[in-house]
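We did not get these values from a lab; they are worked out from the coordinates using the rules stated. Since this is a predicted model, take the numbers as computed values, not measurements. Note that each Cβ is placed from the backbone with ideal geometry, even for glycine, and that neighbours are counted across all protein chains shown.
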Amino acid sequence: MKILVLGAGQLARMMALDGLPLNLELRAFDVGPGKVVHPLSGDSYEQSLAQAIDWADVITSEFEHIPYDVLDTCEQSGKMYPDAKAIKAGGDRRKEKQLLEQANVANAPHVIITDKASFEKALSELATPMVLKSALAGYDGKGQWRLKANDDANALYNELEAFLNANPSQAIVGEKMIPFDREVSLIGARAHDGSVKVYPLAVNHHYQGVLNLSIVDGKQSDALQQQAQQMFEAIANTLNYVGVLAIEFFVVGEKLLVNEIAPRVHNSGHWSQQGAFVSQFDNHLRAVANLPLGDTELRTPTAMINILGQDEVAPAIYSAPGTRVHWYGKDKRPGRKMGHINVSADDATQLIARIKDIAKLLPSDQFPGLHEYLENH
C-alpha cells in the first residue's frame, strides 16, 4: 500500500521507519517548498501534489498547520485519514473548542477574543489569572500571553490588538488559568470500523512551553485512565476519526480537563517505540491502512527525553542500560527538536534511577527541563 504524508519532518520519518515492516511505502509532501520527498533520505520525486495524490492509496498528515487549499484538495480525493475537519480542528483553537463542546468533554472555561468588547467579556467571565493563545499557528509555547492581574489588562490588550490587526485571520482564545496538579496525555488509535485502542497515560513536564520529558510508568490511577479513554472516544467518535489522536490534559484532583488535541502522532507518544509492543507510528499506519490495530499495553516503564538544539550527546548514553537514542537528521538550531532519548526499566523506581543516571550525562544548561523535574522528584 502507498501512503502520502502531508509534512516531511521527524514524525513522517518515524512513520516511514515503522511502515517498512508492514510493507507500506511512504512518500511525504513537504508543504513549504511544495515538493514530494522521501521521508528518510529527503530525496525529491518528480511529482506534483496532484500526481502524488493519484499515486497514493491513502493520505495522512504529520502535523496540523497545513494550508487549507492543500487539505481541501486532498480531502476531495476521498483518501484522507484523518479527514480535513479533524486536521483543521487541531490547527485552529476556535474549531478545537467547538469540537470539545460538541463532544461534551470538559475543558478550561474560555472566551474567543476578536476585539475590545470580547476582551472585556473574558475579563468579566474568566477573571485573572488568564492564559491567552493565538487561534492559529500556536505551538511549543508560541503565540501565548499571560494576564496575572486586571491592572495589566490595558497594556496587554494593546499588544493583542496589534497582533490581531496584523493578522486578520487570527483570533485569541482566552482561557481561565487552571491550578492543575500535573499534565498528562493520552495517545489512542481509532480504526475504520470504530474500534479503539489507547496507550497508558504519560505524565509530561514542560519547560518554557516546550515538552521536555514524558514518563509512562503505569502508576496513573485506573479511574484517570478510564476517564481519559472515555474522553478520547467521545472526541474521536464525534469526528469519525481514523488514525492516532493525542489529547493533552490537566489533572485537577481526580478530574481531567482537556488542554488541547493533536490529530496525529505526538511527541509525548515517542516513548511507545521502546515502551509498548506496537508504537504509535505503527498503529497510526495500521489505522489509516485499514489493518488491525496492535497491542498498546505497557511493555516496560519508559521515559522520553527531548533533545532540543543539540546534535550530539555523551557517547556513554548509547551504552546506558535500557536506553535508545533517536535522531531526526536535522540541522542544528537553538531550541529545535533534534531527537529524543528513550529510557526503559523494569519498574517505576528503577526508571527514575536510570533517568537520574542519564541526566548526569546531559548538562543542565542544555536540558533545563529534565533537571528541573528531577529536582522536584
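Rounded, prolate or oblate: which one fits the range 167-305, using the alpha carbon gyration tensor with axes a ≥ b ≥ c (rounded when a/c is under 1.5, else prolate when a/b beats b/c, else oblate)?
oblate
If you place +1 on the Cβ of every Lys and Arg and -1 on the Cβ of every Asp and Glu, how big does the dipole about the Cα centre of the chain come out, in debye to the nearest 20?
That gives a dipole near 180 debye.
Applying the Karplus parametrisation 6.51 cos²θ - 1.76 cosθ + 1.60 with θ = phi - 60° to the phi angles of the range 289-304, what ³J(HN,Hα) value in whole Hz is obtained for each residue in order, glycine and proline being reported as x?
Each residue's phi maps through the Karplus curve to give 8, 6, 9, x, 5, x, 5, 10, 5, 6, 7, 7, x, 9, 10, 10 Hz.
I'd like to compare 70-79, 171-180: which one has the highest average count of other Cβ atoms within 10 Å, and what's the full order after that?
With the highest mean Cβ count within 10 Å placed first, the list reads 171-180, 70-79.
Most mobile of 108, 86, 153 per a Gaussian network model of the chain (Cα springs, under 10 Å)?
Highest fluctuation of the listed residues: 153.
From the Cα gyration tensor of the chain, with a ≥ b ≥ c the square roots of its eigenvalues, which class applies: rounded if a/c is under 1.5, or else prolate if a/b is larger than b/c, or else oblate?
rounded
Lysines within cross-link reach of residue 219: Cα-Cα under 17 Å, excluding same-chain residues under 8 positions apart?
Result set, ordered by chain and number: 255.
Quick one: Cα centre-to-centre distance for the range 1-77 and the range 225-300, in angstrom?
21 Å
For the range 267-273, just list the computed ³J(HN,Hα) in residue order, Karplus coefficients 6.51, -1.76 and 1.60, θ = phi - 60°, integers in Hz, with x standing in for Gly and Pro.
My calculation for the range 267-273 gives 3, 6, x, 5, 4, 5, 4 Hz in order.
From the phi of every residue in the range 204-210, what ³J(HN,Hα) in whole Hz does the Karplus formula 6.51 cos²θ - 1.76 cosθ + 1.60 yield, where θ is phi - 60° and glycine or proline is x?
Rounded to whole hertz, the list is 10, 10, 9, 10, 6, x, 10.
Please compute the contact order of the chain in relative form: average sequence separation of alpha-carbon pairs under 8 Å and at least six residues apart, divided by the residue count, as a percent.
Reported as a whole number, the value is 14 percent.
How large are Rg and Dmax for the range 40-134 when only the alpha carbon atoms are used, in Å?
Final numbers for Rg and Dmax: 18.5, 56 Å.
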